[in-house]
Structures are given as structure tokens and as C-alpha cells.
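As C-alpha cells, the structure follows; a few thoughts come after it.
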Amino acid sequence: MSKTQCAARTARSLLGASFGLAVLALGACIDTPRTDDAGSGAGASSTAGSGGVVSPPPVDPNAAGPRPLNRLTRREYNNTVRDLLGDSSHPADAFPDDRERTFLFRRSGLVATQDAELLRTAAEALAKTALQSPERVLPCTAASGEDACAAQFIASFGKRAFRRPLSDAETTSLIALYREARGTLGLGFNDAIGVLLEAVLQSPAFLYHWESPYEAPQRVGNYVALAPYDVAARLSYFIWGSMPDEALFDAAQQGKLSSDADIAAQASRMLADPKARDAVKAFFREWLEIDQIALLPKDAGSYPDYDDALKSALVSETETFAQSVMFDGGGKLETLLLADYSYENQLLGRVYGSSAASAAFAKTALDPSQRLGLLTQPSFLTMTGSPDGSNPVKRGKAVYQKLLCGELPSPPPNVPPAKPASAGGTTRQRFSEHDQNACAKGCHSLMDPLGYAFEHYDGIGRYRTLDNQLPVDASGSVVLDGTTHAFSNAIELTQVLASSATVQSCFAKQWFRFAFGRVETATDAPSLASVASAFASHQFDMRDLAPAIAGSRSFRFRSLAAGEK
């Protein structure tokens, strides 16, 4: 261990405790299990297929949801050090996976000892790299006066790293840490700045989305109004997945983040920034879970072309398509579900059965009798297929939970698997027989009819008319928004979904969950209603969801925490 590393680890005690241990303790105390960990979400319709939603009891129109303390996700950490330090090394890729079993979108959970060690290692590496070009982080030079420059660095860098001005106590502690590094430990100026960098990057104020502990909460009735810098950080991490820029910091300092008009103006400005495209990619990767395709095995005999290059192409197609619809194609949810085009390259030609010759993605017209929009893209069909074929259960479940926001009870432990393809018959025939099991009827009656619509697609999304040498039957019906809709295939089902009020409301709700890192609660009802209303009033333009969510009560206020008075 170098002298600088040793100094950084020992001198941090001047700030009250080892920063690694402080992070560990804070996570253990505050990152408690969320109330939404039971499944797809409180408040979600358990009768989405019928369009019926049980009305909750009346809620205070000024209510706001809770605000659990969340740590930066891996994506947020990487983006933050990129914008804070100019470092694009993606150090958080070495952190544990932050995909949860009980929540669709990514969020960091409890901090274990290993996490504290990884955070410390990342901070040390980031500080070392930053000091190779100290002018990138220092607002001054040692020649202007070392102590004065250190104080200026603490104020300017600390504000950006903590996403708010430092308190007097934080400033005093960091100045004491700098003096300890220079005096007692005998470090040079740049190495002492490195100690400060490591300390700041391991501080809970950097690693967590939290309110300043040095300011009294601003009570408004039974709720707490978030401070301007906190609102600025919520906006930036929602729309960009990263820290605020100078314009957001200035708006917070000037008190220009308090009205609906202020929020809408900032959200519109931020959506025009290229960083917003990355957040859109993240939403679709996580919502559809296609970020898991890299780890998804398929039978090599059935799919010999299914390799890492094809896996990457599957995800890239959906990301490119979603960004195109959002930013260049009018932004409508209907287009997302019914577009008669996608983006194809030579690798995807293996799946689409085309003769695309380019390695680059190009906008390509689809055969509308076989493909329309997001749900017939190979990424969705691959993620919801079996290793050796289609899977009506997984595909129906994905539609039911992701597009209808339906909830499913935990499956009983004694449901037998469907028969394998070697037993003969089509996939639908085998799964229909399986559905007759008494223990399978409850959930499978909700999922499987939706999944049968996708029987024209094999396990990686190739179109087919025969399954096990027998004709494919993709017909069925769904009760949606109080009406029974018959369909012959996935194209017709998708057309029904695209005009469904349940789907429109659910899509807005999924963005709400992505923005907040949690599932909605009863006190979020006014906010959800305002978001859904704004989405509808703008003809379901996805670009209007961010301003609507950012302007909601739950975005700028929070309910009181347990024990808070």
C-alpha cells in the first residue's frame, strides 16, 4: 500500500469514521426492505385482463409518496464519475449486479462489507487517475496559494459531488483532513488533494440520493417539500441518470425549481440533451429485461447462430428503435407498439430471414403481416422464449405484468412442467394440456392466452408457420378495458394493446417506477393520476412523461418517514 493510500484510509477518521465503514453502517441502517418488494407493485391492477381496477379509499389530493434512501446504481455511479471527473472507465461495472428479483428496475440494495471494499477500491483508482491531470478537477493552482486552493477545491468540487453546497461542518472536516494529510502525514499538495478526492467519493453524501442532514425538513402540512438542490438532483438522475449540470445548479441556487413551469422548462431542456437518450435506453433495457440476454442460454442445436454477437445485436436493435421513436419518430406510444419498421443489420438478418448485407443498423420496413412494433422484435421474443423453443407462459406473463401492470400470486410449489417437444404436438397443445392441471389454472389462465398470440415466433423470434411439423395456432381472446377482444395472432393482439386505456396507464406507471426507484403506494395516487392525465392530454406522447412525472407531488414532496414528527 502506498503512503498516499495509507494516508487516505487513516486520515478519513477526522470526518467522524472510516468512510467505508460509514457507508456500510448507513446502508445497514437505512436501506431497509421496501414495502414494494412483494411483487410487481402495490396499486397495480390484479384484474388487468378485464380492465377492472379496485378503487382505493379516498386519498388526500396533496398526498405524496415515501422516499426510501437509495444508493447510486451502477449506471448512475459510472455516469456521475464521468461527469464529475471526466472518467469513462466504468468502475461500477465491478460492483455487484443491482438487478433485483422483486422489482423490475435497477436499484442498489444493502451495503455489505464487500461493497464497502469495492467502493473504496474504486475511489482510490478514480483519485489516482484524476491526479494525472489535476487541472481537470482543481479550480486553481498551487501557485495561487496551496491552502487557499484546497479550500476552493473543497467548496467547488464538494458542491458538485454532493449535489448541493457543503455544510459548515462538512467543510471544516474536509479542511481538517487536508491539513492532516499535509502536516502529520507529510504529503505533497497533489497527494493531499487525492486524499480529499478519495474521502469525498466514499462519502454517503456522494453515494446516496439523500437530503442534506444539516437542514431542517421543510414541512408543508403532513408532507415534506424537497429542497431546490434535492429537486435538481432528482431531475438529473431521472432524465440523465447522472449528476446535475451547471444550469440545474444555477436554477436551484436561484430558487427556480419550485413551480410547474420551472420544472417543465428544465425537463424539456434536459430531454434535448444527448444524455437523455442513454436514460431512454436504460428504461427499455430494464423494463423489457433485455439487459439479461447476454446471460441467457439457448440450445445450440436449435439455434446454432445464437452467439454473443447476435445477442448484442438483438439488444441494440431495440435500443435504437426505442430512441428513434422517442426522439425522432413523434414519440407516440402507439408508434412504439405498431411501427411497421425497425433497425436491422447483417446479424439480425439471420433472425428476420432477410438478406441485409451491412454490419451497421439501417431502418428497414417490416412485413406488417408478421411484425409490428416492439413486441414482435427478436429481443423481446428471445428474452421470453425457452432455451429450445417458444414459451407461452413467459411471453404471456411479460405482457400481463409489463404492459397491463397485472399482479400474479406466488405460484404453488407443485405445478408440473409442460411436456417437452419430444412428446409430440405443438407448443400450444402441450401447454394447453399443462394448463388443465388444477394447480396451474389460476395464474396460467391469465398469462397463457396472451402468450399463445406469439406462437408464430420461435425461441429467438424467427417467424414460423409450423411448429413440430404442425400448423401454428396463435388465436385467442383477451378481456381488456371491459371488452372481449378476439385475435388471430400477435399482430392483432398488439393492435388491441396499442389502443387500450389499461396499457396507456400502465406504461405511464412503469415510467413512474423507473423515476422513483420503487413501486407506487396509496399516497402516490394523486401523482399517478396527474401523470396519466397529462399523458392522455398529449395524445400519449412519451416525451411528455418526464415533465409530468417531475411536476408531480411525489417528485417534489415526500411523506413523513417512520418516527419523523
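The values are calculated or read from the model by the stated rules, or taken from the named source; none is laboratory data. Note that the structure is predicted; figures quoted are calculated from it, not measured. Positions of Cβ are backbone-derived with ideal geometry, glycine not excepted, and every protein chain shown enters the neighbour counts.
Odds and ends about this structure:
- Evaluation of Gly329 against (1) touching a strand residue (DSSP E or B) at 6+ places or on another chain (Cβ under 8 Å); (2) under 30 Å from Leu545 (Cα atoms) (one fails), failing number: (1)
- Qualifying residue in the stretch 189-203 (condition: out of contact with any helix residue (DSSP H, G or I) (no Cβ under 6 Å at 6 or more places or on another chain), surrounded by fewer than 20 Cβ atoms within 10 Å (Cβ to Cβ) and farther than 29 Å from Phe95 by Cβ): no
- Under the condition of being small (Gly, Ala, Ser) and within 18 Å of Val280 (Cα to Cα), the residues counted in the stretch 340-367 number 1.
- Filter result for the condition that a residue is within 30 Å of Ser537 (Cβ to Cβ) and under 25 Å from the mean Cα position of the chain (by Cα), over Ser342, Ser316: Ser342
- Applying a threshold of 6 Å to beta carbon distances and a minimum spacing of six or more residues, or different chains, the list of pairs starting in the stretch 203-223 at a residue that is within 13 Å of Ala233 (Cβ to Cβ) and ending at one that is of a type in the set (Asp, Glu) and outside any loop (DSSP other than H, G, I, E, B) reads Glu211/Asp230.
- Residue count, the stretch 155-189 (criterion: among the basic types (Lys, Arg) and over 37 Å from the mean Cα position of the chain (by Cα)): 2
- Test: residue in the stretch 133-143 that is touching a Ser or Thr at 6+ places or on another chain (Cβ under 6 Å), in the same structural domain as Ser203 (by TED's automatic domain parsing), outside any helix (DSSP H, G or I) and surrounded by fewer than 18 Cβ atoms within 10 Å (Cβ to Cβ): yes
- Leu408 fulfils the conditions (1) surrounded by fewer than 22 Cβ atoms within 10 Å (Cβ to Cβ); (2) at pLDDT 95 or above except for a single criterion, (2).
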